[in-house]
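Contents: one structure, followed by commentary.
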Amino acid sequence: MSEEAKKPGQSVGVAMMLGSGLSTQVGASLGAMAFPVIGPVGVVAVRQWVAGVVLLAVGRPRLRSFTRQQWLPVLALAAVFATMNLSLYTAIDRIGLGLAVTLEFLGPLAVALAGSRRKVDVICALAAGPAVVVLTRPQASTDYLGVGLALLAAACWACYILLNRTVGSRIPGAQGTAAAAAVSGLAYVPVGVFVLWHHPPTVAAIWYALAAGVLSSAVPFLVDLLALRKVPARFFGIFMSVNPVLAALVGLVVLDQRLDRPAWFAITVIVAANAVTAAAAGRRGRSQRGSSRPVGASSRRAMAVVDPTVRQGCGDGEGRPSREQQIGLECASLRPSRR
């Protein structure tokens, strides 16, 4: 472990990140328990409403001051939010939590690999490809629609990374992200009302959906902001890679979704590929911030996946985002996310 990782408060930061990841996956699993009553669309609608309210309170966007050039990427990001969460939750309903989240993580991995020419990243790509084949193992009983929806969520996450950089460069702080979450939440109002009207929810289903919104949106967003004050940004990015494992474990414990040994092996390979790529991008970010040479576009693309200081500014000079940049960071709450 590096000296940076041994600073006081590091263990607290790690505990926060672990709690954030567990919160995200437990929230998704609770949301899945409402699927039989209101379906993935109903759960996603409630989650989008919760995310919109939380991010509006945190980001406090000045919507009336937005220009056309600012609204365009915000609206695109709102569309990505809406599509990403719906495709992911529908995939969870069809193929299970662990498999869906693992496939979704191919999105940031693809962005990182696309912006790199390092041999280690090529090796990671070559390892991840067969792992995906093992994980999905095409056969007569394979739910190809579920796999496709999970890959659509991965593509949305990749688009989120690229769009968030544009939004962050045009709108200060978290105003752009908050505005996008609000627009996405508003778009789901008629959808959610229609679904809930035709599929009257039980009290339990409403609580499960609200829990999904709080645990997968509000809690991770706020906890991740606190964690980033205690751990380096690149360490945060590397630690994110454990989410597929957490998803598989939560799916097993909460939903009794069992995976065989080849699937666990494939998840391990994909997690390792994400972690190695994130670590390499973080090292490039440190060396380039300490160098007088300009940073190439391809390197910036790779760094942006794991280092929020690249997207939001130059940080506090120690590899961490400043307070304003921390607020501007889109964390686990909207991942896949955070997505």
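Bear in mind that the values in this text are calculations on the coordinates, not laboratory data. What you see is a predicted model; the values in this text were computed from it and never measured. Cβ placement follows ideal geometry from the backbone for every residue including glycine, while neighbour counts extend to all protein chains displayed.
Computed from the C-beta positions of L252 and H198 and an R0 of 30 Å, the FRET efficiency is 0.35 to the nearest 0.05. Can you tell me the length gained on complete extension of the stretch R62 to R118, counting 0.36 nm per residue apart and subtracting the Cα distance? Extra length from R62 to R118 when fully extended: 16.0 nm. Take the Cα of A15, step 7 Å toward its Cβ, do the same at L145, and the gap between the two points is 4.5 nm. Checking the a/c ratio against 1.5 first, then a/b against b/c, what shape does the Cα gyration tensor give for region 165-219? It is oblate, given that a/c is not under 1.5 and a/b is not larger than b/c.
Our estimate of slack between W264 and V134, defined as 0.36 nm per intervening residue step minus the Cα-Cα distance, is 45.8 nm. Packing, taken as the mean count of other beta carbons within 10 Å per residue, orders the peptides 160-173, 189-202 from highest to lowest as 160-173, 189-202.
Shown in residue order for region 207-220 are the 3J(HN,Hα) couplings computed by the Karplus curve 6.51 cos²θ - 1.76 cosθ + 1.60 at θ = phi - 60°: 5, 4, 5, 5, 4, 4, x, 5, 6, 9, 10, 5, 4, x Hz (x for Gly and Pro). At a Förster radius of 22 Å, what calculated FRET efficiency corresponds to the Cβ-Cβ distance of L222 and L186, to the nearest 0.05? Efficiency, from the Cβ-Cβ distance: 0.45.
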